[in-house]
Amino acid sequence: MDVKTLKYFLTVAREGTITRAAEKLCIAQPPLSRSMQLLEEELGVTLFIRGKRRIRLTEEGLFLKQQAEEIITLVEKTQNQLGKIKNSTHGTIALGVTETCGASILSGLIGDFHRQYPNIRYSVWCGNGDEIREKLEKGLADIGIVREPFNTEKYDHIFIKQESWIALMSVNHPLAQGTEDTVELGQLSGESLIIPARSEMQDEINNWFNHISEERNIFCLYNTVSCIIPLVEGNIGVAICPESVRYTMNPQKLCCRRIVNPEHLSNLLMVRRCHQVLPAATDCFWEFARKVAEHGF
């Protein structure tokens, strides 16, 4: 199984027929068909369900497709970056960012850096902290911008800034009325709460209520804030979110209240794998971010 065969396999999977895949690859149909048979024999699994009109992937085929896409991405990224290891003015920086981290700092950081290095390009992938860690471990992202709790044992890290946790609610919610911009944690105990899905954050938020001996009604978990905005706008629940959600919300429909008594804070970090050799452009971006962080975002 080599990179060429994986590219052939992905083309067949995407096109759905050997004929169209062969045309796409500019090769004859019989050699391509034989290549796929040899791949199945080598792996000892059936990758395709061969119908009269279309080819569908088996469960094993779907898994290989997912892995092959990551392998090809990494190979292409490596080939692209190898020639630019020593060139800090060109290259592509692969960033993995959480949704709210990206909203609060990414535009300013990249904007300032881009003015100094206009020929550098960026590949930005958004996910939660666990997904970004996986991208970093696989080498599919060079740098991550994440929110604590995050285990930094294997990572170099830069402290970016600290944010408050807020309650995000509909403007029609009773707690949204008045001029106060805060809400006490105890006032949220009777609400239908929407909280982050990451297990570490679930534990942290549950501990808040444990410390004040209050019950809580957590009825929904979210991976990204954007997916639960309609629930909050519809006054179905109150979401506990980082303060940077303010950058993406519609203030005509949603209201933020900083959680107090007690107040809880969240740290933003920039991370990269320890001892990782980065292309010069990426290393330059890391040092730029470190200097910006020293003066405060």
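The values are calculated or read from the model by the stated rules, or taken from the named source; none is laboratory data. Worth saying up front: this structure is predicted, and the values here are computed from it rather than measured. Note: ideal-geometry Cβ built from the backbone for every residue, glycine included; neighbour counts use all protein chains shown.
Quick notes on this structure:
- Residue match in the range 196-203 (condition: among the aliphatic types (A, V, I, L, M), at pLDDT 95 or above, surrounded by 20 or more Cβ atoms within 10 Å (Cβ to Cβ) and not assigned by TED's automatic domain parsing to the domain that holds residue 105): no
- For the range 152-159, the criterion of being over 30 Å from residue 90 (Cα atoms), surrounded by 14 or more Cβ atoms within 10 Å (Cβ to Cβ) and either in contact with a strand residue (DSSP E or B) (Cβ under 6 Å, 6 or more places away or on another chain) or not assigned by TED's automatic domain parsing to the domain that holds residue 95 (or both) is satisfied by no residue at all.
- Flag for residue 176 being more than 21 Å from the chain's Cα centre (by Cα), on the phi < 0 side of the Ramachandran plot and crowded, with 16+ Cβ neighbours inside 10 Å: yes
- Single condition residue 137 does not satisfy, out of (1) at pLDDT below 90; (2) exposed (fewer than 14 other Cβ atoms within 10 Å of the Cβ); (3) over 14 Å from the mean Cα position of the chain (by Cα): (3)
- So residue 34, is it modelled with pLDDT under 85, more than 25 Å from the chain's Cα centre (by Cα) and farther than 30 Å from residue 267 by Cα: no
- Any chance residue 113 is more than 23 Å from residue 201 (Cβ to Cβ) and outside any loop (DSSP other than H, G, I, E, B): yes
- The criterion of being exposed (fewer than 14 other Cβ atoms within 10 Å of the Cβ), in contact with a Leu (Cβ under 8 Å, 6 or more places away or on another chain) and at pLDDT below 95 does not hold for residue 250.
- The set of residues in the range 243-291 being in contact with an Asp or Glu (Cβ under 9 Å, 6 or more places away or on another chain), among the hydrophobic types (A, V, I, L, M, F, W, C), assigned by TED's automatic domain parsing to the domain that holds residue 152 and part of a helix (DSSP H, G or I) consists of 285, 286, 288.
- Residue match in the range 164-183 (condition: assigned to a helix (DSSP H, G or I) and in contact with a strand residue (DSSP E or B) (Cβ under 8 Å, 6 or more places away or on another chain)): yes
- Residue match in the range 246-257 (condition: in contact with a strand residue (DSSP E or B) (Cβ under 8 Å, 6 or more places away or on another chain) and farther than 16 Å from residue 176 by Cα): no
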